[in-house]
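Each reported figure results from applying straightforward, stated rules to the coordinates on display, with no laboratory input. None of these values were measured; they are calculated from a predicted model. Please note: Cβ atoms are built from the backbone with ideal geometry, for glycine as well, and neighbour counts cover all protein chains shown.
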Amino acid sequence: MVWKRRFALRSPGELPTLAEYSVSEGVRLNILIIALLLVIFATLFSGLVFLVRDRGQSDRLMRSLGLRVGLTVLLLLILVVGFLTGRIQPRSFPLQPPPEAPGAAS
């Protein structure tokens, strides 16, 4: 993670407080995306538990499905807004070696 530290004058041996550390916007967005993915997986497995236990006799499975779909739409919107605002940068996978610099000896 990228942590920025605000330096302040303090006596030797004094520990920094939590307020002196800040997390960059990109890291906050990554944490939000990972948290949403974990909640989506949790609702997926809770739906499986409801399916096995209730055997279709209650509506808990449908509520779990609705929540999972809603969270997935929210995650998709966050990803789209992140790409449009530039807070999420697409990365290409190194499928090919990078081109050599001009004038480099091979």
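What does the charge count near T43 come to, summing +1 for each Lys or Arg and -1 for each Asp or Glu among other residues with Cβ under 14 Å from its Cβ? Intermediate results must be reported in sequence, preceding the final value.
Working: positive: R60, R63, R68; negative: none.
Net local charge, T43 excluded: +3.
Taking the Cα centre of the stretch 23-85 as the origin, how large is its charge dipole in debye, to the nearest 20, when only Lys and Arg (+1) and Asp and Glu (-1) carry charge on their Cβ atoms?
Details: 6 positive and 3 negative charges, 43 e Å.
For this selection, approximately 200 debye.
Using the 10 angstrom Cβ neighbour count as an exposure proxy, how do F83, F50 rank, fewest first?
Exposure proxy ranking, most exposed first: F83, F50.
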